[in-house]
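K.L.:
Got a structure here, written out as structure tokens. Questions coming.
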Amino acid sequence: MVLGSINLDLVVGAARLPGPGETVLGGELERHPGGKGANQAVAATRVGARVAMIGAVGRDAEGEIGLDALRQAGVDIGPVARSDGASGIAIIAVDASGQNQIVVAPGANARVDDGMVEHALDALRPDAADVLLASLEVPMAAVEGAVLRAAARGCTVVVNPAPAAELPSAILRAGPILTPNRSELARLAGTDDLATGAQRLLDAGASAVVVTLGEGGCLLVEPDGTEVLAGQRVDAVRDTTGAGDTFSGVLAAWLADGAALPEAVRAANAAAALSVRAAGARPGMPSRQEVEAALASA
């Protein structure tokens, strides 16, 4: 089960990203289905997982685009609610090196509530999912409700704390695997030191912390030890948008398939590197065969 946002991404490429108050001329406007939750769901299905999406879209053309893209990717959209008002929109600028700036207008995502989550989970069989993956582009009350209900069912819970926000103690006490990037970890733990920050989250109840470091790979911190995974070499970086979503989606998919956490992290690390080869959050998301080939050649 993936709980999160469903957006339409409006993407413009430019030679460089603008500074405060600056205007930069870019290229053609591109439209891509997006949203952290929807991207993660697609990443998981791309590597063979069966996925149900929990979220909301508006009764508009943007919502239809988002739902059609999920349906075509093989995601179960039955739990997605339709709400009044606009669907979510993300405005994304990408520079020549593939780095990006993103601003999101949440739209229907901001109207996801605990009642929607409860209804969606009740509609799924208790044994329908092994893993819940949640991110924070929907209200925290909905995330907390989903985490607690999934944990009570015996599901493995993965929380991608993005965009960065403080997590309620109830979520941490449920023992999730957390997948922050460096800045999100600093916001969660109140320190820029990776090891110290990860340990603080473990002390608060997280079962493991996986810190994604972009081209630097990732850091896996568990109660019994720490593992550093180097970044994978990529010949041509086209767009880093969606790399973190690919990481979380593939991690959850590998866990749902019965993999141990270190094995799942290695697969996610390889998948995130492969994902930056194409423009947009989803076009570069790899298949299971591509991930396994990357792992075999590492």
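The values are calculated or read from the model by the stated rules, or taken from the named source; none is laboratory data. Please read these numbers as outputs of a predicted model, since none were measured by experiment. Every residue, glycine as well, gets a Cβ built from its backbone with ideal geometry; the counts of neighbours run over all protein chains shown.
K.L.:
Can you name the helices (runs of 4 or more DSSP H) wholly within segment 198-298 that have at least 1 residues being at pLDDT below 95 and either of a type in the set (Phe, Trp, Tyr) or surrounded by fewer than 18 Cβ atoms within 10 Å (Cβ to Cβ) (or both)?
P.N.:
Qualifying helices (runs of 4 or more DSSP H): 288-297.
K.L.:
Is it the case that VAL228 is β-branched (Val, Ile, Thr) and under 20 Å from GLN40 (Cβ atoms)?
P.N.:
So VAL228 fails the test.
K.L.:
Right, something else. Return the residue satisfying two criteria in turn: it lies in segment 156-173 and is at pLDDT 95 or above and more than 15 Å from the chain's Cα centre (by Cα), and of such residues it is surrounded by the fewest Cβ atoms within 10 Å (Cβ to Cβ).
P.N.:
SER169
K.L.:
If you don't mind, another one. Could you please find all residues in segment 117-147 being in a helix (DSSP H, G or I), surrounded by 17 or more Cβ atoms within 10 Å (Cβ to Cβ) and touching a helix residue (DSSP H, G or I) at 6+ places or on another chain (Cβ under 8 Å)?
P.N.:
Matches in segment 117-147: VAL117, LEU121, ALA142, VAL143, GLU144, GLY145, ALA146, VAL147.
K.L.:
Take segment 65-116 and flag every residue that is of a type in the set (A, V, I, L, M), assigned to a loop (DSSP other than H, G, I, E, B) and farther than 25 Å from ALA272 by Cα.
P.N.:
Matches in segment 65-116: VAL80, ALA86, VAL112.
K.L.:
Tell me, please, whether a residue that is within 22 Å of ALA44 (Cβ to Cβ) and hydrophobic (A, V, I, L, M, F, W, C) can be found in segment 183-201.
P.N.:
Looking for residues that are within 22 Å of ALA44 (Cβ to Cβ) and hydrophobic (A, V, I, L, M, F, W, C), one finds none in segment 183-201, hence no.
K.L.:
Here are some residues: VAL12, VAL42. Which one is in a strand (DSSP E or B) and surrounded by 15 or more Cβ atoms within 10 Å (Cβ to Cβ)?
P.N.:
Of VAL12, VAL42, the one residue that is in a strand (DSSP E or B) and surrounded by 15 or more Cβ atoms within 10 Å (Cβ to Cβ) is VAL12.
K.L.:
Run down VAL103, VAL112 and say which single residue is loosely packed, with under 13 Cβ neighbours inside 10 Å and farther than 19 Å from THR156 by Cα.
P.N.:
Going through VAL103, VAL112 in turn, the sole match is VAL103.
K.L.:
Also: Among the residues of segment 85-94, is there at least one that is on the phi > 0 side of the Ramachandran plot and either acidic (Asp, Glu) or free of Cβ contacts under 8 Å to residues at least 60 places away in the same chain (or both)?
P.N.:
Yes: segment 85-94 contains one or more residues that are on the phi > 0 side of the Ramachandran plot and either acidic (Asp, Glu) or free of Cβ contacts under 8 Å to residues at least 60 places away in the same chain (or both).
K.L.:
Within segment 20-39, take every residue that is of a type in the set (A, V, I, L, M, F, W, C) and either in contact with a Leu (Cβ under 9 Å, 6 or more places away or on another chain) or buried (at least 24 other Cβ atoms within 10 Å of the Cβ) (or both) and give me the one that is farthest from ALA142 (Cα to Cα).
P.N.:
VAL24
K.L.:
Of everything in segment 48-74 that's crowded, with 24+ Cβ neighbours inside 10 Å and among the β-branched types (Val, Ile, Thr), which residue is farthest from ASP122 (Cα to Cα)?
P.N.:
VAL57
K.L.:
Could you pull out the residue among GLY48, GLY98 that is farther than 16 Å from LEU8 by Cα and either among the aromatic types (Phe, Trp, Tyr) or touching an Asp or Glu at 6+ places or on another chain (Cβ under 6 Å) (or both)? Outline the logic, then answer.
P.N.:
Numbers: GLY48 fails: either among the aromatic types (Phe, Trp, Tyr) or touching an Asp or Glu at 6+ places or on another chain (Cβ under 6 Å) (or both).
Just one listed residue meets the conditions, GLY98.
K.L.:
Counting only residues that are in contact with a strand residue (DSSP E or B) (Cβ under 6 Å, 6 or more places away or on another chain) and either touching a residue at least 40 places away in the same chain (Cβ under 8 Å) or closer than 17 Å to LEU229 by Cβ (or both), how many does segment 181-215 have?
P.N.:
So the count comes out to 9.
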